Every structure is written in C-alpha cells, then in structure tokens.
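Scroll down for the structure; my scribbles are underneath it.
The values are calculated or read from the model by the stated rules, or taken from the named source; none is laboratory data. What you see is a predicted model, and the numbers here were worked out from it, not measured in a lab. Every residue, glycine as well, gets a Cβ built from its backbone with ideal geometry; the counts of neighbours run over all protein chains shown. Heavy atoms of the whole protein, side chains included, go into the accessibility calculation; ligands, DNA and RNA do not. Shrake-Rupley method; radii C 1.70, N 1.55, O 1.52, S 1.80 Å.
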Amino acid sequence: MLTELRVENLLLIERAELRLAPGLNVLTGETGAGKTVLAHALDLLLGGKARQGIVRPGAREAYVEGVFELDDDLRRELGDLLPEDAEELVLARRVSAEGRTRALICGRTAALADLRAAAAPLIAFYGQHEHRRLTLGSAQLEILDGFCGDAQLARRARASAAHARVRELERRREELQERAGARERELDLLEFELREIEDAAPEPSEQAALVAERDRLRHVEALRGGALGGAEAIAPEAVDATGGVAVLLADGARGLEAVAGVDARLDELLDRWRALTVEADDLGVELRRYAEELDAGEPGRLEQVEERLGVLDRLARKHGGTIDAVLAHAEVCRARRDELAGAEEALDRVDAELEGAREELASHAAALHAARAKAAPKLSKAVIARLAELAMEGAEFRIELVEREPGPTGGDAVEFLIAPNSGVPAAPLRESASGGEMSRVMLALMSVAHDQGASTLVFDEIDAGIGGQTARAVGERLRELAGGRQVLCITHLPQVASLAARHFSIAKDPSGNPAVTTVSQLDDGAVVGELVRMLGADEDDRAAVEHAERLRAAA
C-alpha cells in the first residue's frame with residue numbers, strides 16, 4: 001500500500017505531501033487546479049517518461065517520492081535492490097530542469113528498469129483515457145485470461161514457450177533451405193581442394209627432407225671432392241705419396257713415447273696426442289666412406305625433387321604457408337563436407353522437430369481456448385450484473401472468440417461486444433459505447449476480473465461523462481473495489497467523493513508568478529464544504545449543504 005506521496009516543484013505544485021489511507025482515497029479540485037499533476041507524479045514513480053517542461057519555473061529540479069509498506073514477500077522479490085535494514089520501500093524520481101532524470105530506491109540510485117520492476121506489482125494506473133485500452137484485442141484477451149485464474153496464466157506461459165520454440169525452428173529451417181542453394185557449389189569447391197591435397201598426400205616433415213636432398217644433389221661433386229681432399233690430407237692413398245697428417249702424428253708420438261713416465265704432466269699431453277691420432281685415423285676413414293657412398297641418385301632425381309617441392313610450395317601458398325596448415329585445412333574441408341552432406345538429414349530432422357513443436361503449440365492453444373470458452377459466458381454474466389448496478393439495466397455484454405493462427409497467447413482473438421440498450425444488436429465495444437458507458441464497462445470488468453494484482457489502484461477521472469444516480473453507483477463500485485486494497489481516485493463527482501475514506505483537495509492560487517497549487521487533507525467539516533463546491537453551489541447555500549451532508553451520511 002502507498003502510505004505517503006511527496007511532490008516538489010512539479011509544474012504548479014511547489015510542495016505537497018499526501019498521507020494516504022487504506023480503502024478509497026479521493027482527490028478533488030477545480031478544473032485547471034492541477035489534479036492531473038499528481039497523476040503524472042504517480043506515473044513518474046511507475047517509471048514513466050518525464051514530459052518536457054514539468055519542472056516548476058525557477059526550480060532546479062522536480063522530485064517525486066512514494067513510500068510503500070514493505071512485507072516479507074516484497075522484500076524477497078526486490079532482493080539486492082533493497083537495503084537490509086529497510087523498514088519501508090521508498091521509490092523516487094528526480095527530474096532536472098534540463099530534462100535529465102534519476103531513479104532512486106530507498107535513497108540509492110537505481111536503474112529506471114529496476115524502478116519499474118519494483119513499482120509494477122504495487123500500483124496499477126488507470127488514466128482518463130485508460131478505457132481506450134479496452135478497445136484493444138490484446139487487453140480484452142488479458143482481462144478474460146485474468147478471469148480464468150492462475151492456471152490460465154500458466155497455460156499462457158507454456159504456449160509462449162512453445163511458440164518461441166516454433167519460431168526458432170522455423171528460423172533454423174530457413175537457414176538450412178538458404179544453404180541448400182549454395183550447397184552444391186560449396187561441395188564442388190571442397191571436393192576439388194580435398195582431391196588436390198589428397199592426391200599430393202603431403203607429409204609433415206617431407207618438405208624439409210626434400211630441401212636437404214635437393215641441396216645435396218645440386219652439390220654432389222663438390223661434396224665428394226671436399227671429402228676426398230680431406231681424407232688425402234690425413235692419409236694419402238698413393239703408394240709413393242709422402243707426408244699426411246697421420247704420418248706426422250705418428251712421428252710426433254714416437255718422440256713423446258721416448259720420454260713417457262718421466263713427467264706426469266707430459267704424460268697427460270701424450271694421452272691427448274694418442275687420442276688425436278686415433279681421431280685423425282677415424283676421420284680419414286669416415287671421409288673416404290662418405291665420398292664412396294655419396295650418390296647422385298638415379299638419373300633425373302634432382303628434377304623429381306624440384307617438381308615435388310613445387311607441388312608442396314603451391315599447396316602451402318594456397319592454404320596457410322606451411323604443410324601443417326595444408327593438412328589442417330584438409331581436416332576442416334572434410335568436416336565441412338560431412339556437414340553439408342548431412343544437410344538433407346538435418347533439414348529432415350528440423351522438419352520433424354518443427355511438426356512436433358507446432359503440435360505442442362496447438363495443444364496449448366486448445367487448452368487456452370477451452371478455458372476461455374468456459375469462462376467467457378461467466379464473465380459476461382458477471383459484467384452484465386455489474387452494469388445493471390451501474391445504471392445500465394438491460395445492457396447486453398458478451399465475449400466472442402475467433403480462432404486464428406496460434407501465437408504466443410494461443411489461437412484466439414477476443415472481441416468484447418456490447419449493446420448498451422435492449423433491442424439494439426450487440427456491436428464491438430470500440431464502436432458502440434460512449435465515454436461514460438466505456439468507463440462503467442471498465443469498472444465492471446475490473447470489479448469481476450481483477451480480484452488479484454496491484455495493492456494500489458489509481459483512477460484519473462475515469463468517471464468522466466456520467467452523473468446522477470449512475471455516478472453514485474460508480475462510486476459504490478469504486479469503494480467496493482477498495483475493500484481489499486487501496487484506491488486513489490481523481491474525480492469531479494461529489495457522489496464519488498462523498499464515499500471516500502480520506503479526501504484531499506487541490507487548489508490553485510493564481511496571485512503568484514508562477515501560480516502555486518496546494519494539496520490539503522480535508523477533515524469532515526471541510527469535506528462537506530468541498531462537496532458543496534462540487535455541487536456547483538455557494539458555501540452558504542443551505543440546500544446544497546444539506547445535500548452534501550446527506551451524501552456523506554449515506555456513505
């Protein structure tokens with residue numbers, strides 16, 4: 001419940017503070033005094049858009065604050081948005097003169113979306129033209145489903161999920177069909193690239209081995225000559241050859257061996273000499289063996305190696321620069337080929353899933369329709385009874401269901417039909433009801449179909465266009481609606497205002513520049529005076545005063 005409403009520097013209101021009560025609260029005042037300013041203040045608390053120029057001239061900002069009772073359920077629902085030590089929920093909006101806005105929850109800056117989420121279950125706002133929503137098929141459907149109860153809301157949630165699944169599968173199917181057009185071309189390209197790579201059959205280390213072989217084949221004679229020259233320098237093969245490293249080493253060893261055992265240090269050097277001699281002999285043998293084994297290969301081998309390297313180079317340039325990249329590309333091509341090859345199977349699977357999802361949606365739509373078809377006559381009967389209480393005896397009201405393609409809310413379009421007077425054919429509500437009749441239809445619907453929902457309902461002159469006994473009946477329905485919740489009604493009808501549990505009056509003082517509007521809570525004596533004003537009489541009009549007192553007494 002909304003316990004306090006504070007407004008500062010909002011249009012004509014410099015400062016106003018309303019302490020609201022449970023039940024029916026009314027706000028009255030002369031036309032132009034600024035009653036709708038308070039309606040706009042409440043809209044700001046709901047996260048509505050701040051209209052241009054709403055900040056009072058000369059002020060830096062406008063401020064609106066609402067204080068709400070805080071129970072355990074609401075505390076759990078708000079979670080981290082609420083300080084742990086909060087004893088009440090305080091929602092607020094600041095609007096700067098430049099048009100910037102800031103939302104606050106319990107004094108802490110909050111996102112506007114969080115403010116809307118916090119306020120949505122607390123306040124339902126019905127403006128002067130809110131009854132126009134009743135002409136929308138979507139609003140009529142929500143009213144009927146609300147009358148069906150919580151089980152219907154659960155059915156709607158399941159239908160919405162099924163519809164989302166259908167839409168997703170339809171999108172997937174369209175993608176697969178679009179791919180089918182380019183599928184053959186892509187498959188041809190993949191097959192060509194794979195065939196090129198598979199025919200070449202490259203190995204990861206092959207390119208490096210071929211480069212080494214090519215370099216050897218290109219320099220085979222130079223390699224053989226170098227090896228043999230080194231071997232000859234160590235140990236010449238010719239019988240008449242003299243010298244050579246091996247001979248020189250042997251001669252040097254004899255001199256060292258002659259004094260072996262005399263000096264340990266020289267003995268160590270002798271050991272190294274002997275090792276050098278052995279290494280020289282081995283090196284000579286290895287060099288000759290290398291020269292003997294060095295082969296130019298079969299005729300044309302160099303050309304074969306060059307050609308193979310050319311194939312590998314072309315593949316590498318096309319597919320990543322290395323043979324490893326070529327092999328990785330081949331794996332990607334195979335996976336993509338398999339995916340495309342299975343596209344037909346994928347399309348068949350999606351078609352099967354889509355058929356199942358559509359059947360599921362149709363099943364949910366059928367359940368929704370059955371509940372609506374059962375509830376529609378009951379709602380119609382209840383509305384007709386309420387309309388009779390609102391001075392529309394003989395009015396006919398019925399609900400027509402028209403089947404349509406199943407969507408997120410099922411497969412029904414709803415049309416509210418009304419015949420305000422007996423003997424007149426029923427027609428759609430948007431075509432046949434006057435403003436006053438529309439207001440009464442809305443109130444009747446709310447009375448019977450909106451038993452649950454926000455704890456505070458705000459009505460901004462929905463009683464426009466009615467008067468007399470009808471106005472009294474509307475007021476009684478509003479008071480009845482306020483029996484289990486809080487209702488705030490901005491009204492111009494004394495018959496409605498007289499039924500209030502708490503009465504606020506708004507008045508404008510035009511002497512200032514700019515004018516100043518004030519809001520006051522009226523005691524019982526002041527309420528009678530305000531009712532006299534609303535009756536269009538002077539305060540010293542005894543008949544009007546007695547009429548006002550009777551209105552209050554009848555409440």
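Only one of 133, 167, 185 is open to solvent by 40 Å² or more (accessible area, probe 1.4 Å), assigned to a helix (DSSP H, G or I), at pLDDT 80 or above and over 30 Å from residue 300 (Cα atoms). Can you tell me which?
Numbers: 133 fails: at pLDDT 80 or above; 185 fails: at pLDDT 80 or above.
None of the other options fit; the residue is 167.
Within region 57-81, the set of residues being open to solvent by 10 Å² or more (accessible area, probe 1.4 Å) and of a type outside the set (Asp, Glu) comprises 57, 58, 59, 60, 63, 70, 74, 75, 76, 78, 79, 81.
So which residues in region 205-218 are within 20 Å of residue 289 (Cβ to Cβ) and in contact with a helix residue (DSSP H, G or I) (Cβ under 9 Å, 6 or more places away or on another chain), if there are any at all? Within region 205-218, 213, 216, 217 qualify.
Select from region 98-109 the residues that are in a strand (DSSP E or B) and either open to solvent by 50 Å² or more (accessible area, probe 1.4 Å) or farther than 21 Å from residue 1 by Cα (or both) and list them in ascending order. Don't jump to the end; show me each part of the working.
Taking region 98-109 first, the residues in a strand (DSSP E or B) are 101-105, 108-109.
Residues satisfying the conditions are 101, 102, 108, 109.
Just the residues that are without any contact (Cβ under 8 Å) to a residue 12 or more places away in the chain and either open to solvent by less than 80 Å² (accessible area, probe 1.4 Å) or assigned to a loop (DSSP other than H, G, I, E, B) (or both), please, taken from region 188-219. Of everything in region 188-219, those that are without any contact (Cβ under 8 Å) to a residue 12 or more places away in the chain and either open to solvent by less than 80 Å² (accessible area, probe 1.4 Å) or assigned to a loop (DSSP other than H, G, I, E, B) (or both) turn out to be 201, 205, 208, 209, 212, 215, 219. The residues listed here are 225, 284, 230; of these, the one that is within 30 Å of residue 306 (Cβ to Cβ), at pLDDT 80 or above and assigned to a helix (DSSP H, G or I) is 230. Do we find a residue being of a type in the set (Asp, Glu) and surrounded by 15 or more Cβ atoms within 10 Å (Cβ to Cβ) anywhere in region 144-162? Taking every residue of region 144-162 in turn, at least one turns out to be of a type in the set (Asp, Glu) and surrounded by 15 or more Cβ atoms within 10 Å (Cβ to Cβ). The sole residue among 398, 404 that is in contact with a Gly (Cβ under 8 Å, 6 or more places away or on another chain) and part of a strand (DSSP E or B) is 404.
Here is a yes/no grid of residues against (1) under 30 Å from residue 205 (Cα atoms); (2) touching a residue at least 60 places away in the same chain (Cβ under 8 Å); (3) not acidic (Asp, Glu):
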{"residue": "253", "(1), (2), (3)": "no, no, yes"}
{"residue": "257", "(1), (2), (3)": "no, no, no"}
{"residue": "266", "(1), (2), (3)": "no, no, yes"}
{"residue": "272", "(1), (2), (3)": "no, no, yes"}
{"residue": "304", "(1), (2), (3)": "yes, no, yes"}
{"residue": "314", "(1), (2), (3)": "yes, no, yes"}
{"residue": "319", "(1), (2), (3)": "yes, yes, yes"}
{"residue": "329", "(1), (2), (3)": "yes, yes, yes"}
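State whether one or more residues within region 42-56 are surrounded by fewer than 20 Cβ atoms within 10 Å (Cβ to Cβ) and closer than 30 Å to residue 523 by Cβ. No, the conditions are met nowhere in region 42-56. Would you confirm, using the coordinates I've provided, whether residue 255 is at negative phi and not acidic (Asp, Glu)? Yes, satisfied. Restricting attention to region 314-343, and to residues there that are of a type outside the set (A, V, I, L, M, F, W, C) and in contact with a His (Cβ under 8 Å, 6 or more places away or on another chain), which single residue is surrounded by the most Cβ atoms within 10 Å (Cβ to Cβ)? Out of the qualifying residues, it is 319. Here is a check on your reading of the model: is residue 300 exposed (fewer than 14 other Cβ atoms within 10 Å of the Cβ), within 30 Å of residue 193 (Cα to Cα) and either touching a residue at least 40 places away in the same chain (Cβ under 8 Å) or over 60 Å from the mean Cα position of the chain (by Cα) (or both)? Yes, satisfied. Of the helices (runs of 4 or more DSSP H) entirely within region 493-555, those holding at least 1 residues that are open to solvent by less than 70 Å² (accessible area, probe 1.4 Å) and of a type in the set (Asp, Glu) occupy 524-534.
For region 6-52, residues that are in contact (Cβ under 8 Å) with a residue 12 or more places away in the chain and within 18 Å of residue 516 (Cα to Cα) total 27. Against the test of being in contact (Cβ under 8 Å) with a residue 24 or more places away in the chain, in contact with an Asp or Glu (Cβ under 8 Å, 6 or more places away or on another chain), open to solvent by 10 Å² or more (accessible area, probe 1.4 Å) and not in a helix (DSSP H, G or I), the options 95, 90 yield a single qualifying residue, 90.
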